[in-house]
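In what follows, a structure is listed as structure tokens, so that the remarks can point back to it.
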């Protein structure tokens, strides 16, 4: 008798599992993701939407099942957004995975570090919506392998330079692409841009960053440096570069993807001529001003 009850219970569980799997497969086509990678906020903001009626779910009993479906589909939906993040001029996160430098498990572990708002019904009660925020600084931190930063280059002929509180590189317009003739491009954001001088000497790269500093650089629009107040800077950019930053205009861009700014040699000398200014690079006190259209990268719906 006991074995018969156990067999019936296992059969019921199997049938329930099969139903849930079938609903999940069907619901995949009815679950979409929308949102954007916002470089100025250093985060991915996404909304996962489940159409209740199209998924065969009815309120109120279907709400709990809908929440479970959203939770189960979240990683599948957010994965392309993470894989498409530009790491440096030559690689995306997806490229690192394809080369075996990273794994899908690493990507999923990052996806689970998300800040989530409990799902809520849309105003017309037709869909269940879940809101997610994923900080890309967490991704940067996971990709930094060194524990002690490499020294920022120094010069044998230092110049007299004041101590600045940060560095602003203005690259909001089309700039010449190094190594090409008559080609220009807008500087594109990435996690780890390199900074070069006009002699194509490397000034700053990821191994020079203090691993505890957070983001290597921060991206902003032009309006952030034309705000009110004595410094003309917005509170957001001031939090990164302080009230007395060195302002630099980029001369060009470099890289397979044009992510790396090229700055003048005299500007470089102002940075590397004293220890305080070199530490601005090491501590990530760098803001890059880019075109507004590149600050936000929409996520593709699935």
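The values are calculated or read from the model by the stated rules, or taken from the named source; none is laboratory data. The structure presented is a predicted model; accordingly, all values stated were derived computationally and were not measured. Don't worry about glycine lacking a Cβ; one is built from the backbone with ideal geometry, like all the others, and counts go over all protein chains shown.
Here is how the numbers come out for the structure above:
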quantity	calculated
Restricting the range 287-302 to residues that are buried (at least 18 other Cβ atoms within 10 Å of the Cβ) and touching a helix residue (DSSP H, G or I) at 6+ places or on another chain (Cβ under 7 Å), the residue that is modelled with the lowest pLDDT	299
Filter result for residue 243 (more than 20 Å from residue 192 (Cβ to Cβ) and buried (at least 21 other Cβ atoms within 10 Å of the Cβ))	no
Check on residue 110, farther than 20 Å from residue 40 by Cβ, under 12 Å from the mean Cα position of the chain (by Cα) and part of a helix (DSSP H, G or I)	yes
Residue among 268, 253 that alone is touching a residue at least 12 places away in the same chain (Cβ under 8 Å), assigned to a strand (DSSP E or B) and buried (at least 17 other Cβ atoms within 10 Å of the Cβ)	253
Candidates 103, 122, filtered to the one that is loosely packed, with under 14 Cβ neighbours inside 10 Å and either under 18 Å from residue 38 (Cα atoms) or touching a residue at least 24 places away in the same chain (Cβ under 8 Å) (or both)	122
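Here's the yes/no breakdown for (1) closer than 22 Å to residue 163 by Cβ; (2) within 20 Å of the chain's Cα centre (by Cα); (3) modelled with pLDDT of 95 or more:
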position	(1), (2), (3)
219	no, yes, yes
227	no, no, no
232	yes, no, no
237	yes, yes, yes
243	yes, no, no
247	yes, no, yes
262	no, no, yes
280	yes, no, yes
